[in-house]
Structure formats: C-alpha cells, structure tokens
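Asker: Okay, handing you the structure first.
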Amino acid sequence: DTAVSQTPKYLVTQMGNDKSIKCEQNLGHDTMYWYKQDSKKFLKIMFSYNNKELIINETVPNRFSPKSPDKAHLNLHINSLELGDSAVYFCASSQGTGSYGYTFGSGTRLTVV
Amino acid sequence: AQSVTQLDSQVPVFEEAPVELRCNYSSSVSVYLFWYVQYPNQGLQLLLKYLSGSTLVKGINGFEAEFNKSQTSFHLRKPSVHISDTAEYFCAVSGRNNDMRFGAGTRLTVKP
C-alpha cells in the first residue's frame, strides 16, 4: 500500500500547455504539501494545506494553483507551462505540527519542451 | 524563520569508512531537526529526527545524529558505510508551524 501516491510519475509537455499533478495519501494525515526540487536537488516548499485550508503559500507564480477537495487529496494545477517549470514535484503529508516528520511521494518529473 | 545550511555539497568516501555529513541550523525558537535520504529517482525517506531529550539520536540503516544547541548543529554520522548508502542526504528544520525547510543536500558517494 502506497502511503503517498502521485500521478503521473513522468510528464512531458509543451510550453503553454496546462497540466495537473494529483496526490493522494492514505495515512489519515491532516496536512499536505507540495515541494519543487530543481536540477541541483534544492527543495523548495510551494504550498501547504491543513484540513483543506491553505496555510502556506510561498512566492510561486500564480500559474500554480493547488486544490484540495478533501484532506486526503492535494492536486497541483499549472497553467501556461514554461521551460523553467521543469523540475521534480513532490507531494508530502504530515500529522499535527509535523514533529513526526513528513511522508513523501515518489515525485513527478515534469519536463517542459 | 528557520533555515538550514549543509556544509558539504559532496562527500566521497570509501566503503567501510566512517562518514560525517554536516548540518547547521538557524532559528530563534525551538525547532525540530530531521535528516532525510533520497535514493536516485525516489522520494525522500526519513532517516531520523530530533524533537527533544537526548541529544544523540539513532535512526535507520545505522545512522545517528547529534544535536548540539550551542553550536546550532545536527551532524549525521555512520561508523561504517556501504555502497548502498550512496544517495543524497537532506537536513531539515521545522518549527511548530508545519513549515519544514530543507538544506541544499549532500551527495554521499561510497566507493569500493
């Protein structure tokens, strides 16, 4: 049983397209996150949702829009994709204040051509 | 806000040798500290964490880390590494607001 699952695992698309990445967790956690990992492996938090409510919204282009239909799902929609959006996107979840650490998905490698 | 600095971007080491990956943190409040490992083409996996109490924390795969408040450090150590330990290692810090910040990562390469 996959604890945090992301789909798709790989996504290749052209500039200007709109795409979505889906994330689901079956751990019963109340907080979910999106992180972006660039080509140098640097991890940057993008968004955090607690019980479907946005609690962290870092400085990311407004082309990125998270959607949380329920506390087990956090999807990421990206409009008008640009070359610089190419990266690996990780979904993660945690319970409470995060003192137990985060559980990460296996990532979605987005390549914009 | 808290932040993390990993002092080495790459650490090459021979198999069965000891290794230390260095991490310093910055925060004005009490924090939680973590080490994660990322194997190629995989997500991050929690190695160990420090919340409070004993400053020496033991994790999975024979790793341990020591919290040093005066030096604001949380270095990761393993007495004898294996080829399979080759991976990217991330130090992370989190306050009580669920805002985890990661260091830039240290690439550990274990050579035969």
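The values are calculated or read from the model by the stated rules, or taken from the named source; none is laboratory data. Small disclaimer: the values here were computed from a predicted structure and weren't measured. Reconstructed Cβ throughout: ideal geometry from the backbone, glycine too, with neighbour counts over all protein chains shown. Calculation scope for accessible area: heavy atoms of the full protein, side chains included, ligands and nucleic acids excluded. Shrake-Rupley method; radii C 1.70, N 1.55, O 1.52, S 1.80 Å.
Asker: So which pairs qualify, if the first residue must be in the range A:13-31 and among the charged types (D, E, K, R), the second must be open to solvent by 70 Å² or more (accessible area, probe 1.4 Å), the Cβ gap must be under 9 Å, and the two must be at least 6 apart or on different chains?
Answerer: Within 9 Å, the pairs are A:LYS22/A:THR7; A:GLU24/A:THR2; A:GLU24/A:THR7; A:ASP30/A:ASN51; A:ASP30/A:LYS71; A:ASP30/A:GLN95.
Asker: Going by the structure shown, is A:TYR49 within 12 Å of another protein chain (Cβ to nearest Cβ) and surrounded by 14 or more Cβ atoms within 10 Å (Cβ to Cβ)? Walk me through it before giving the result.
Answerer: On the way: within 12 Å of another protein chain (Cβ to nearest Cβ): yes; surrounded by 14 or more Cβ atoms within 10 Å (Cβ to Cβ): yes.
It is true that A:TYR49 is within 12 Å of another protein chain (Cβ to nearest Cβ) and surrounded by 14 or more Cβ atoms within 10 Å (Cβ to Cβ).
Asker: Being within 10 Å of chain B (Cβ to nearest Cβ), buried (at least 19 other Cβ atoms within 10 Å of the Cβ) and not hydrophobic (A, V, I, L, M, F, W, C) is the requirement here; does A:GLN37 meet it?
Answerer: Numbers: within 10 Å of chain B (Cβ to nearest Cβ): yes; buried (at least 19 other Cβ atoms within 10 Å of the Cβ): yes; not hydrophobic (A, V, I, L, M, F, W, C): yes.
Considered against the rule, which asks whether it is within 10 Å of chain B (Cβ to nearest Cβ), buried (at least 19 other Cβ atoms within 10 Å of the Cβ) and not hydrophobic (A, V, I, L, M, F, W, C), A:GLN37 comes out as yes.
Asker: Which ones in the range A:82-105 are under 11 Å from the mean Cα position of the chain (by Cα), open to solvent by 10 Å² or more (accessible area, probe 1.4 Å) and farther than 23 Å from A:GLY16 by Cα?
Answerer: Here is the first cut: in the range A:82-105, the ones under 11 Å from the mean Cα position of the chain (by Cα) are A:88-93, A:104-105.
Filter once more, so that each one left must be open to solvent by 10 Å² or more (accessible area, probe 1.4 Å): A:88, A:104.
Result: A:PHE104, single match.
Asker: Only residues in the range A:47-63 that are on the phi > 0 side of the Ramachandran plot count as the first member; pair them with residues that are open to solvent by 40 Å² or more (accessible area, probe 1.4 Å) and not small (Gly, Ala, Ser), Cβ under 7 angstrom, at least 6 apart or cross-chain, and list the lot.
Answerer: Once the first residue is on the phi > 0 side of the Ramachandran plot and sits in the range A:47-63, its partners that are open to solvent by 40 Å² or more (accessible area, probe 1.4 Å) and not small (Gly, Ala, Ser) give A:ASN51/A:LYS71; A:LYS52/A:ASP70; A:LYS52/A:LYS71.
Asker: Hey, any hits in the range A:81-90 for a residue that's over 20 Å from A:ASP38 (Cβ atoms) and part of a strand (DSSP E or B)?
Answerer: Looking only at the range A:81-90, we keep the residues that are over 20 Å from A:ASP38 (Cβ atoms), and these are none.
No: the range A:81-90 contains no residue that is over 20 Å from A:ASP38 (Cβ atoms) and part of a strand (DSSP E or B).
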